[in-house]
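Read through the structure below, which is laid out as structure tokens, and then see the notes.
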Amino acid sequence: MAIRAFVLLTTKPGTSQEIVTSRRIKGVKMASSVFGRFDAVLVIEAKDLQELAKIIYEVIATHPNVVHTETLISVFPPGTHRVES
């Protein structure tokens, strides 16, 4: 089953936009620089936890301007909408 994760990044000062736009990473569905405790947020979809780990640890966390990552795995898989009013 596919999974979705939100990856929160802390970057070296002034580099978040460069990271968000510098390369197209397989699985990244959205990337945005943000204000607040973190510098950027990535939305990643992967086929399983192994693929997610590979994207995060081998590609994102090894970027020279990434200082810290925090990963939040979505409770609901991609394609399911659990919005209730």
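For segment 7-49, enumerate the residues that are over 11 Å from the mean Cα position of the chain (by Cα) and at positive phi.
Result: GLY14, GLY36.
If the requirement is being within 13 Å of ILE56 (Cβ to Cβ) and in contact with a Leu (Cβ under 8 Å, 6 or more places away or on another chain), which of these qualifies: ILE3, ILE19?
So the residue among ILE3, ILE19 that is within 13 Å of ILE56 (Cβ to Cβ) and in contact with a Leu (Cβ under 8 Å, 6 or more places away or on another chain) is ILE3.
Each reported figure results from applying straightforward, stated rules to the coordinates on display, with no laboratory input. Treat the numbers as computed from the prediction; the structure is a model and nothing was measured. As a convention, Cβ positions derive from the backbone with ideal geometry for all residues, glycine included, and neighbour counts pool all protein chains shown.
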